[in-house]
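Notes for the one structure printed next.
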Amino acid sequence: MKILAQFQNIIHYLIQWFFQKSGIFIRHLQRFLPQSKLARRIGLILLVAIFLFELAIWAVPLPRHRLFRDSSTLVFDRDQKLMYAFTSRDGMWRIRTSLSQISPLLQKYLIRYEDRWFYWHPGVNPLALIGAFRSNISQNRVRYGGSTLTMQIARIMEPKKRTWYNKLIEIFRAFQLEQRYSKGELLEIYFNIAPYGGNIEGVAAASWLYFGKEPTQLSCGEAALLAVLPNSPTLLRPDYYPERALKARNKLLNYVYQSGVIKAKEYHEALAEEVPRSRMAWPAVAPHLCYELKRRYPEQSRIYSTIKLSTQVLAENLLEAHVKSLRPDGITNGAVVILNNQTHELIAAVGSADFNSESDQGQVNGFLAPRSPGSALKPFIYALGMERGLITPRHYLEDVPIDFSGYSPENYDRSNSGLVSAREALERSLNIPAINLLADLGDDGLYQLLRKAGISTMAPDDRYGLTIAIGGCEVNLLELTALYSGLACGGDYTFPRLLKGQAQNLTVNMCSPGAAYIITGILTEVSRPDLPACWEFTSLPRVAWKTGTSYGHRDAWSIGYNPHYTIGVWIGNFNGAGRPGIVGTEAAAPLLFDLFNKVKQRNQNEWFMQPPEVETREVCALSGQNPGPYCQNLSREFYLTNASPDKKCQFHQVAVLDAKTGYRIPPHFASMPKKTREMVYVSWPPRVASWFERNGRFIHRLPPLLPEWQQMTPGQAPVIRSPLADYEYQLRGGVALEYQKICLDAAAANDVRKLYWFIDGVLFGTVAPGDKLFYLPETGRHQLVCQDDQGRSSKVTLVIKD
């Protein structure tokens with residue numbers, strides 16, 4: 001209301017100014033005006049009327065929103081092939097189109113047939129209005145309107161009954177339109193809002209629905225039909241009244257032919273064209289992606305994606321067939337993503353097996369739905385470990401039960417191997433070695449990497465802990481596939497481009513090219529232990545790949561890549577129901593390799609170049625460390641010259657024995673016996689040695705030291721596994737202390753025969769390695785010490801509260 005009042009004040013001021021200045025203006029015009037008083041008054045009235053009319057043209061608001069209406073959306077593939085179409089918000093087919101996108105022939109037809117003086121009149125053609133008036137009077141009914149194209153725009157903008165009063169409003173609006181827009185802009189507006197029957201508005205929507213093409217590609221006959229349809233869009237609808245439409249089209253063709261707009265050959269070819277008798281069906285390819293693109297780019301009437309239509313259709317068909325084969329096992333859905341590693345473009349994206357299936361929730365977008373990745377993130381933990389110099393492919397990792405402040409992870413098959421190489425741990429997708437490695441990475445591990453890459457499903461704080469290594473977080477298929485594409489791109493993660501011509505997204509370095517290359521080599525192993533025995537691969541493409549299975553068998557993943565493409569597959573149920581068959585290697589991997597076999601690639605044999613920082617070396621086959629003097633079995637491995645650990649093997653040690661008594665002689669013993677012999681033994685890590693012994697695995701125990709040895713020998717101290725360091729134990733009220741005993745457990749090296757436990761300086765008990773003691777808790781703060789028979793010790797503080 002305030003704005004309206006200000007506007008009225010401005011108008012009042014302009015009128016006042018006009019009457020003040022009009023006296024000066026009229027005095028100058030007196031010499032040209034008739035001298036009679038009446039004539040002067042009439043002239044003045046005309047001047048005032050013209051001024052007020054011009055003022056009204058600019059002062060009266062024009063409903064622009066009715067000229068520039070909400071557009072439908074068309075989504076195309078990378079080669080401008082239509083994939084999907086959406087109506088506008090008001091349910092109309094109306095596609096915003098520039099004049100340059102409309103056939104010049106159609107423009108000529110329209111102007112010649114409807115308003116040949118369009119480029120010269122000011123919005124109204126007086127001769128046409130007079131002719132229409134005379135015809136209507138002679139026929140005693142309103143039949144002709146004499147409307148220009150500008151007046152037709154005004155009528156479409158504000159539909160009204162055909163009366164003389166409304167005709168005057170239409171004329172006024174035509175003058176307004178002409179003052180505000182150029183002729184080209186008016187023609188473009190007309191082509192965008194002209195009615196074409198039913199819920200079709202604008203020439204682009206009509207061109208697609210009647211002919212299945214853009215308005216730039218119209219033939220002579222097609223352009224003629226679209227030029228004449230807005231005259232009577234209901235009565236001339238070709239899908240309802242094809243004969244009427246044909247007659248009207250031919251009439252226009254004859255007119256433009258007689259007017260010299262087209263030649264005889266074009267005229268006869270156009271007459272021979274058939275009129276469409278039904279609307280074209282819109283294609284429905286990549287519906288999930290098209291909905292997502294429309295959501296991301298709501299203002300674009302035409303969205304040109306990076307999708308390759310043939311690859312998209314292939315992926316949709318293969319996924320549908322694959323899920324159909326899994327339905328007997330209660331598995332109803334899946335998703336596929338294919339990325340181009342060179343261009344970082346999304347080539348195919350399938351959100352579900354059947355978009356139209358309500359029972360299977362087919363409209364859920366499977367490639368954007370957050371799901372647990374299972375083991376699919378483990379390669380990135382190993383890549384970080386290699387880059388930080390913690391491991392190499394052959395370096396050992398412990399695979400024994402462990403407890404992290406109450407969290408006790410298990411391997412998928414609930415078994416342990418004791419000791420494995422990093423390569424074997426990743427190939428077998430073992431949980432415990434990966435979690436141990438993640439713990440060694442500290443506060444700059446997998447979570448921080450995923451946050452740095454901008455993974456959208458990551459919480460702002462690290463609430464996942466070590467469980468993130470085995471699926472304790474959520475990711476979506478698109479971003480997970482892009483992470484693997486980062487390995488294919490030398491460790492650089494880039495979120496894929498979705499639009500053709502779009503600038504490349506920000507690149508984030510995940511790891512070095514060398515670490516990515518080594519991880520790729522491990523993931524390329526086809527004959528891996530985690531493959532089902534029933535698989536018989538005969539012609540697999542060379543692919544680096546990894547699977548994942550979430551807790552409860554709810555999600556099966558398989559991601560693979562080569563230099564050209566990265567393909568991600570997810571299989572499961574959108575309702576979250578788990579099934580025994582939802583396993584990465586069994587449910588998802590077959591589709592992955594089927595896609596790799598059928599997606600066209602330039603060079604199947606091309607592979608990644610070895611970075612200069614990657615070289616090969618010999619290492620101890622057991623420890624994976626640089627060979628020591630006592631390592632007999634060696635293996636070759638890739639390593640990073642600028643990062644890999646350079647430590648000599650700590651496993652193979654030698655003990656000097658008294659040849660006569662068999663006692664072990666301490667190092668640097670002054671009274672060395674005359675006859676000695678050497679015994680090479682494996683010094684296992686304490687946890688591994690303890691686990692081997694508890695599980696009946698034979699390990700060598702070193703002979704005892706010479707009795708006269710009184711000093712402590714160097715080596716690895718016992719590792720206290722329970723109680724946990726700095727952990728506060730809360731006694732439960734109402735429960736007898738007998739049932740709240742605290743377990744004392746430690747792992748020791750294999751040269752240890754006895755462990756001594758001290759509480760607050762007092763010997764509590766003596767056990768063999770692998771055995772446990774149980775302490776009846778007493779409230780307070782206690783010092784707990786575990787000492788082996790070599791004099792090496794470890795200690796923890798034990799706090800017990802009521």
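The values are calculated or read from the model by the stated rules, or taken from the named source; none is laboratory data. Given the structure is predicted, the values throughout are model-derived calculations rather than measurements. Here the Cβ positions follow ideal geometry from the backbone for every residue, glycine too, while neighbour counts run over all protein chains shown. Surface accessibility is based on the protein's heavy atoms, side chains included, excluding ligands, DNA and RNA. Shrake-Rupley method; radii C 1.70, N 1.55, O 1.52, S 1.80 Å.
Summary table
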{"quantity": "Hey, G366 assigned to a loop (DSSP other than H, G, I, E, B), touching a Leu at 6+ places or on another chain (Cβ under 9 Å) and open to solvent by 10 Å² or more (accessible area, probe 1.4 Å) or not", "calculated": "no"}
{"quantity": "Unique residue being aliphatic (A, V, I, L, M), free of Cβ contacts under 8 Å to residues at least 60 places away in the same chain and open to solvent by less than 20 Å² (accessible area, probe 1.4 Å) when the list is L592, L640", "calculated": "L592"}
{"quantity": "Residue count for segment 734-758, restricted to those that are without any contact (Cβ under 8 Å) to a residue 24 or more places away in the chain and open to solvent by 70 Å² or more (accessible area, probe 1.4 Å)", "calculated": "2"}
{"quantity": "Residue, nearest to F651 (Cα to Cα), within segment 409-429, restricted to residues that are of a type in the set (S, T, N, Q) and touching a Phe, Trp or Tyr at 6+ places or on another chain (Cβ under 9 Å)", "calculated": "S421"}
{"quantity": "Residue match in segment 232-243 (condition: without any contact (Cβ under 8 Å) to a residue 60 or more places away in the chain, assigned to a helix (DSSP H, G or I) and crowded, with 21+ Cβ neighbours inside 10 Å)", "calculated": "no"}
{"quantity": "Of the criteria (1) over 20 Å from D360 (Cβ atoms); (2) at pLDDT below 95, which one G560 fails", "calculated": "(2)"}
{"quantity": "Any hit, segment 50-67, residues being in a loop (DSSP other than H, G, I, E, B), surrounded by 11 or more Cβ atoms within 10 Å (Cβ to Cβ) and at pLDDT below 90", "calculated": "yes"}
{"quantity": "Count of residues meeting criterion [free of Cβ contacts under 8 Å to residues at least 60 places away in the same chain and of a type in the set (S, T, Y)] in segment 759-802", "calculated": "3"}
{"quantity": "Residue that is modelled with the lowest pLDDT [pool: residues in segment 195-209 that are in contact with a Leu (Cβ under 8 Å, 6 or more places away or on another chain) and either open to solvent by less than 10 Å² (accessible area, probe 1.4 Å) or of a type in the set (S, T, N, Q) (or both)]", "calculated": "G197"}
{"quantity": "First in segment 440-464 and among the aromatic types (F, W, Y), second anywhere and assigned to a helix (DSSP H, G or I), Cβ under 9 Å, 6 or more apart", "calculated": "Y447/G465; Y447/I468; Y464/L446; Y464/Y447"}
{"quantity": "Selected residue (criterion: modelled with the lowest pLDDT) from residues of segment 715-769 that are within 17 Å of R792 (Cβ to Cβ) and among the hydroxyl-bearing types (S, T, Y)", "calculated": "T766"}
{"quantity": "Which numbered condition E292 misses (of (1) more than 25 Å from L506 (Cβ to Cβ); (2) at pLDDT 95 or above)", "calculated": "(1)"}
{"quantity": "Residue, nearest to T311 (Cα to Cα), within segment 68-84, restricted to residues that are of a type in the set (A, V, I, L, M) and surrounded by 21 or more Cβ atoms within 10 Å (Cβ to Cβ)", "calculated": "M83"}
{"quantity": "Qualifying residue in segment 352-362 (condition: under 22 Å from C473 (Cβ atoms), surrounded by 19 or more Cβ atoms within 10 Å (Cβ to Cβ) and either within 15 Å of the chain's Cα centre (by Cα) or in contact (Cβ under 8 Å) with a residue 24 or more places away in the chain (or both))", "calculated": "no"}
{"quantity": "Residue in segment 263-271 that is in contact with a Leu (Cβ under 9 Å, 6 or more places away or on another chain), in a loop (DSSP other than H, G, I, E, B), at pLDDT below 95 and over 30 Å from L368 (Cα atoms) present", "calculated": "no"}
{"quantity": "Unmet criterion (only one of (1) at pLDDT below 95; (2) in a helix (DSSP H, G or I); (3) basic (K, R)) for R414", "calculated": "(2)"}
{"quantity": "Residue within segment 311-321 that is charged (D, E, K, R) and out of contact with any helix residue (DSSP H, G or I) (no Cβ under 9 Å at 6 or more places or on another chain) present", "calculated": "yes"}
{"quantity": "Helices (runs of 4 or more DSSP H) wholly inside segment 418-521 that include at least 2 residues being open to solvent by less than 10 Å² (accessible area, probe 1.4 Å) and of a type in the set (S, T, Y)", "calculated": "477-488"}
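Matching residues to (1) part of a loop (DSSP other than H, G, I, E, B); (2) farther than 28 Å from P703 by Cβ:
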| residue | (1), (2) |
| --- | --- |
| A717 | yes, no |
| R732 | yes, yes |
| L744 | no, no |
| R753 | yes, no |
| P769 | yes, no |
| E778 | yes, yes |
| H782 | no, yes |
| T797 | no, yes |
